[in-house]
Amino acid sequence: MYSRPRLTTWLYLSPLHLLLLAVLTLPSFYVLWLSLNQSTYGTGLTWVGLDNYRTVFADGYFWRAALNTFFVVNGVVYVELVVALALAVLFVSGVPLRGLMFACILMPYAISEVVAVLVWKMMMDPSIGTISRTLELMGFGLLNWSASPTIGLTLVGVINVWMNLPFTFLMIYSGLLAIDTSLYEAAHIDGATRWQRFTRITLPLLVPTLLIALIFRLIFAFRMFSEVWLLTKGGPARMSEVLAVYLYEHGFRYGDFGIAAATGWMMVVGSLLLASVFLLAMQRSMRGA
C-alpha cells in the first residue's frame, strides 16, 4: 500500500509521465516495430523480421557513414571540451571586458542553426568566401571542401564546435564557480603552483561536470545532420555522409522506411552505449573509486 504523501506525489507527476509516454516512449516503440517491417510511400507494413538490420549491416555506405560519424563526433566533442575548459578557467581567473567577451562566446546560441551553417558555407566558399580566400593568401592553398570529404568533414566539425561551445562552456564555468575558493587559498599558502592547483584541485573536483558535459555532447553530436546536409549533402559520392544523413536519404529520398527505422534504432543503441561508458565513469568518480 502506498502512503498518502507518496500517492499524492505520483498523482502530481502523472501528467509528466503521460506526456513522456506519448511523446517519447510510444513513438520509439512504433519506430522499433517499423524497423521490423518493409514499408514505403502508399503501402502497408510487411513483416520482414531482422532483414532490415541485415541489409543495413551489409551496406558499405552505412559503414562509411558510421566511420565518419565516429571520427567527427570524437574530434568535435574532445576538442570542444578542451577549448571550453580553457575558456572557463580563463574567465574564472579574470579577463578584461568580461561582459563583452561573455557575449561573444554565447553569441552562437542566439543564431539559428541553419543560418549559422549557411553563413559559414558562404565564408568558406572556395571562390568568394572571405575565410577561404584569406587562408589561400596565407599559403594554405585552396580548401575546396566540396570536393574533398576530409576537408568537408573537418569544416563540419569546426562549425559544430563553434555552435555548441556555449553549452559546454556554461556547464564547465558553472562547475568552476561551485568549487570552494578556500581550497585554492590553502594550497597557495602551502606553496602549490598554479599548475598544481589546477591538476590537484580543479580537475578532480570538476570531473563530474566534465563527464556530464561529455555525455550530453556525445549524444547531441551523434545525431548531427544539418551541418553535413547543408554543406555537402553527403558528397562527393556519399563519402562525407554521417548516420543521420544516411537515415534521411533512405527514409525520405528512397522511401525505405524500414531501413531508416532500423538505422535510427542502431543510432539510439550506439549513443546509449557511448553514454553508459561515461555514466559508469561518473558514478565511480562520485563514489571515490
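The values are calculated or read from the model by the stated rules, or taken from the named source; none is laboratory data. Since the model is a prediction, treat every value here as computed from it, not as a measurement. Note that we place each Cβ from the backbone using ideal geometry, even for glycine, and neighbour counts take in every protein chain shown.
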Note: among ARG284, ARG253, ARG200, just one is out of contact with any Phe, Trp or Tyr (no Cβ under 7 Å at 6 or more places or on another chain), among the charged types (D, E, K, R) and under 30 Å from VAL56 (Cα atoms), namely ARG253
Among the residues of the range 73-82, is any in contact with a Leu (Cβ under 9 Å, 6 or more places away or on another chain), under 21 Å from VAL245 (Cα atoms) and among the aromatic types (Phe, Trp, Tyr)? no
Total residues in the range 37-53, condition surrounded by 14 or more Cβ atoms within 10 Å (Cβ to Cβ) and either part of a strand (DSSP E or B) or at pLDDT 90 or above (or both): 6
Within the range 122-132, can one find any residue that is over 30 Å from THR209 (Cα atoms), among the hydrophobic types (A, V, I, L, M, F, W, C) and modelled with pLDDT under 85? yes
Regarding the range 162-175, can at least one residue be identified that is within 25 Å of PHE71 (Cα to Cα), modelled with pLDDT under 90 and touching a Phe, Trp or Tyr at 6+ places or on another chain (Cβ under 9 Å)? no
Condition first: over 27 Å from the mean Cα position of the chain (by Cα), among the hydroxyl-bearing types (Ser, Thr, Tyr), over 22 Å from LEU218 (Cα atoms) and surrounded by 11 or more Cβ atoms within 10 Å (Cβ to Cβ). Can you find one or more residues in the range 80-94 that meet it? no
Checking the structure you have, find out if any residue of the range 121-134 is touching a helix residue (DSSP H, G or I) at 6+ places or on another chain (Cβ under 7 Å), in contact (Cβ under 8 Å) with a residue 60 or more places away in the chain and within 29 Å of ARG223 (Cβ to Cβ). yes
Any residue in the range 67-88 that's in contact (Cβ under 8 Å) with a residue 12 or more places away in the chain: show its pairings with residues that are among the acidic types (Asp, Glu) at Cβ separation under 8 Å, as long as the two are six or more apart or on different chains. ASN68/GLU241
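Yes/no matrix, rows are residues, columns are (1) out of contact with any strand residue (DSSP E or B) (no Cβ under 9 Å at 6 or more places or on another chain); (2) among the hydroxyl-bearing types (Ser, Thr, Tyr):
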{"residue": "TYR246", "(1), (2)": "yes, yes"}
{"residue": "GLY258", "(1), (2)": "no, no"}
{"residue": "GLY264", "(1), (2)": "yes, no"}
{"residue": "MET267", "(1), (2)": "yes, no"}
Any idea how many residues of the range 263-287 are over 19 Å from PHE220 (Cα atoms) and either at pLDDT 85 or above or basic (Lys, Arg) (or both)? 2
Reported set for the range 21-36 where residues are of a type in the set (A, V, I, L, M, F, W, C) and either in contact with a Gly (Cβ under 8 Å, 6 or more places away or on another chain) or loosely packed, with under 10 Cβ neighbours inside 10 Å (or both) is VAL31, LEU34, LEU36
Would you confirm, using the coordinates I've provided, whether SER112 is among the polar types (S, T, N, Q), free of Cβ contacts under 8 Å to residues at least 12 places away in the same chain and closer than 30 Å to LEU206 by Cα? no
Which condition breaks for THR168 when tested against (1) touching an Asp or Glu at 6+ places or on another chain (Cβ under 7 Å); (2) within 30 Å of ALA237 (Cα to Cα)? (2)
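Table: residues versus (1) touching a residue at least 60 places away in the same chain (Cβ under 8 Å); (2) of a type outside the set (Val, Ile, Thr); (3) touching a His at 6+ places or on another chain (Cβ under 7 Å).
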{"residue": "PHE169", "(1), (2), (3)": "yes, yes, no"}
{"residue": "ALA192", "(1), (2), (3)": "no, yes, no"}
{"residue": "TRP195", "(1), (2), (3)": "no, yes, no"}
{"residue": "THR199", "(1), (2), (3)": "no, no, no"}
{"residue": "VAL207", "(1), (2), (3)": "yes, no, no"}
Looking only at the range 79-135, which residues are on the phi < 0 side of the Ramachandran plot and not in a helix (DSSP H, G or I)? VAL95, PRO96, ILE111, SER112, MET124, ASP125, PRO126, SER127, ILE128, GLY129
